[in-house]
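Comments concern the structure below.
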Amino acid sequence: MGNVIVLKINKEEFEITDEKNLFKLCMEFILQDKYKYSPLEAIKKIAEDIGNLLLEGSNKLFNKEIINLKRYNAIIKKINIFKKGLEYQDTREKMTTYLYEQLLRQEGCGLLHGMGFASKFGDKLIGDAEKQSTKG
């Protein structure tokens, strides 16, 4: 079966086989219903702690030789980008959207940024076609 790390959280065991599995597990904790109505600062603090746990977990994956150095460096870079992105979320709704986007990105279903608008006259409109519509 290969190298596996077993995490035990609240008497439940989780098998971690790679960094995506670890990230999804951590994000599922923060997106639980009990945090749904938490204040922005509380969600931000929890997300920062999740980022720190991801750094620690990635270090364990690297030490157990589940991932190589190149992958480890890429993971650390992604985690730092994730943590930096938390600073720009100024409402609870934006934070929740950001967290779901990060979770979807790990599944390979993230948003395709850079898709632009254009009118039938060839005008280029500002915006992201995947996130918003030109019609109300």
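Observations on the structure shown:
- Subset of the stretch 46-86 (residues that are among the aliphatic types (A, V, I, L, M) and without any contact (Cβ under 8 Å) to a residue 12 or more places away in the chain): Leu69, Ala74, Ile81
- Checked against (1) surrounded by fewer than 18 Cβ atoms within 10 Å (Cβ to Cβ); (2) out of contact with any Lys or Arg (no Cβ under 9 Å at 6 or more places or on another chain), Glu48 meets all criteria but (2).
- Close pairs (6 angstrom Cβ cut-off, 6 or more residues apart or separate chains): in a helix (DSSP H, G or I) in the stretch 14-32, of a type in the set (Val, Ile, Thr) anywhere: Glu19/Ile75; Leu22/Ile16; Cys26/Ile50; Ile30/Ile46; Ile30/Ile50
Every number in this text was worked out from the coordinates using simple rules, so none of it is lab data. Everything numeric here is computed off the predicted structure, so don't read it as measured data. Positions of Cβ are generated from backbone atoms using ideal geometry, with glycine treated the same way; all protein chains shown enter the neighbour counts.
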